[in-house]
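Peer 1: Before anything else, here's the structure in question.
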Amino acid sequence: MKEYRRKSVRLRLIVCAGLTLGVAAATGCSGGGTPVPDVGVETSGVTEDAGTTAPMPLTPPAAESRDASPPKSSASDASDTSVASEAGDAQTPLADSGACGAGCRLVFVTKATFTGDLQGNAGADAKCKAAAAASTHAPISSRSTRFIAWISTGAAGSPGPGTRLGNAEYRRMDGTLVAASLAGLLSGSLLAPINVTERGDSLGTGAAAWTGTAANGTASNFTCNGWSTNLLTVAGDVGTPPDTGTAWSISNTMSCSASQRIYCIEGGP
């Protein structure tokens, strides 16, 4: 019996030595974290790469389990997150977008990014059409020739892409309603963000899209000289895809040397 009690004391000293002060107090150990001499009791362990035997980790009490929780990601960590694999350029399966019929127009934000030298309206429109044509999600590819870029090239306040769109409801390619009408699209208050790309990626905080356009569809102040330059010293206005307020269309001004996405909206009467 005495020999059994001596072994129990030795094991208790070893356990207490491996705990922090807070955990030691919670488990009834005193002087948590204080080194104790080796009393000759072997510990169970696992073999490390170097061939040495390391003590098995001790399970802390439930009261301390919150310390093991992984840190929360900051907004910047979630920046521009995609559902699809960048390496394989896979396209994420989406809900049937067949809900967008004759009285509906589709919208998306490009997966690819571009500098401010979009080559004007014609060049930006061509990029939208090419992106739509490359999508495997119907009916995006079948409507590829109808897409235009949400950008403006004229002076501030002049007509922009709003004049190139028809009155219809606007939906993302996953069927989510973004605006019930053209007036809703230009209202500065979307029903859902335009943050899904033509390939099914859902963009997170930090993504941006060139616009040079106010939420009401007219030109803003900075357009990279009509989207004709990528100079560091020239600026262009951008919108934020995850936003549903006016910031979806204009939230910041960036150097035209930066690479950003563009919004693509199905045009037509």
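Peer 1: So how much slack lies between Gln119 and Leu177, counting 0.36 nm per residue of separation and subtracting their Cα-Cα distance, in nm? Provide the component values of the computation, followed by the final result.
Peer 2: Working: separation 58, 0.36 × 58 = 20.88 nm, distance 3.07 nm.
Extra length from Gln119 to Leu177 when fully extended: 17.8 nm.
Peer 1: Using r as the Cβ-Cβ distance of Ala112 and Asn216, and R0 as 45 Å, what FRET efficiency do you calculate, to the nearest 0.05? Walk me through the intermediate numbers first.
Peer 2: Working: r = 27 Å, r/R0 = 0.60.
So the FRET efficiency works out to roughly 0.95.
Peer 1: First obtain the Kirkwood hydrodynamic radius of segment 153-235 from its Cα pairs, then insert it into the Stokes-Einstein equation at 10 °C and 1.306 mPa s, and state the resulting D in µm² per second as a whole number.
Peer 2: Details: Rh = 14.2 Å.
For these conditions, the coefficient is 112 µm²/s.
Peer 1: While we're on this one: Using the Cα gyration tensor of segment 119-269, with a ≥ b ≥ c the square roots of its eigenvalues, what is the shape: rounded (a/c below 1.5), prolate (a/b larger than b/c) or oblate (neither)? Intermediate values should be presented prior to the final figure.
Peer 2: On the way: a/c = 1.44, a/b = 1.32, b/c = 1.09.
Rounded is the answer for segment 119-269, as its axis ratio a/c remains below 1.5.
Values quoted throughout were computed directly from the atomic coordinates according to the rules given, and no laboratory measurement underlies them. Computed from a predicted structure; not experimentally measured. Because the Cβ atoms are built from the backbone with ideal geometry, glycine has one as well, and the counts that use them run over all protein chains shown.
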